[in-house]
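The values are calculated or read from the model by the stated rules, or taken from the named source; none is laboratory data. These figures come from a predicted structure and were not determined experimentally. Counting neighbours? That spans all protein chains shown, and the Cβs are built from the backbone with ideal geometry, glycine included. Note: accessible area is taken over every heavy atom of the protein model, side chains too, but ligands, DNA and RNA are not part of it. Shrake-Rupley method; radii C 1.70, N 1.55, O 1.52, S 1.80 Å.
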Amino acid sequence: MKVDHSNHARFPILLLSLLVMLAPACAEPGKTGQTTPVADDREPVAVDDPAAVEDPPGEEPQTVTPPTPPTPPTPPTPPDTTRPGALPAEEQALLDHHNRVRAEVSVAPLTWSDKLAQVAAAWGQKLVAKGCVMEHSKGSGYGENLYMGSADAFTMVDAGKSWESEKKHYTGVPLSGSNWYKSGHYTQMVWRKTTEVGCARVTCKGSLIVICNYNPPGNFMGQKAY
């Protein structure tokens, strides 16, 4: 019997062809083209994190600065009420004049008293009500000097100069009926035991009236001014 070997020879060839055809089907799905990753130095960016998203090209990042709270206003400085710096110019000049006159005879300076100035101002208004008379007050317990002059020509310090002009009538002796009348305004200015003065001015019918009150009062008969 004759055996046909041609079919047995073709069988391995057919099997090999079948294996070649099935090889692509067994490869890992989705892996096509180049499998070596392209070099990339960038860090991955999580797009759902707003802080990681880059700003658009050409624009500077914007920094949000919280608004500065307004500066509270500075409270006004309270006025300086110390004496004598806070006095109006005329009152200060008259106080200074008193103390210069006192210094000439080595008597301590006077300090300004608002209380005495108020008493002087109240009496000044009464003098106006009486028709601009020159009249001393009574019962105040203070010493008192008065002056009257033209309102458009004289100031408060002129009153002090007028009282000072009586200095030539006082020789330092105890007061008496013979020397007091001519020098009484001056001796009150320089009375050693007096420590405070307060003055005021009023105008009436074109005249300036200056009133000064002194504490403790001076001009005691039988005593020296200094």
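Things worth noting here:
- Counting only residues that are open to solvent by 40 Å² or more (accessible area, probe 1.4 Å) and assigned to a helix (DSSP H, G or I), the range 159-171 holds 7 of them.
- Hey, ALA120 within 20 Å of PRO216 (Cα to Cα) and either open to solvent by less than 50 Å² (accessible area, probe 1.4 Å) or part of a strand (DSSP E or B) (or both) or not: yes
- Filtering the range 181-226 to residues that are modelled with pLDDT of 95 or more, among the hydroxyl-bearing types (Ser, Thr, Tyr) and not in a strand (DSSP E or B) leaves SER183, TYR186, THR187, THR194, THR195, TYR226.
- When TYR214, TYR181, TYR186 are checked against the criterion of being touching a strand residue (DSSP E or B) at 6+ places or on another chain (Cβ under 8 Å) and either closer than 24 Å to PRO88 by Cα or loosely packed, with under 12 Cβ neighbours inside 10 Å (or both), TYR214 stands alone in meeting it.
- Residue ID - farthest from LYS193 (Cα to Cα), chosen from residues in the range 99-116 that are assigned to a loop (DSSP other than H, G, I, E, B) and open to solvent by 30 Å² or more (accessible area, probe 1.4 Å): GLU104
- Taking each residue of the range 158-183 that is at positive phi and looking for partners that are open to solvent by 50 Å² or more (accessible area, probe 1.4 Å) with beta-carbon atoms closer than 7 Å, six or more apart or interchain, yields GLY172/LYS224.
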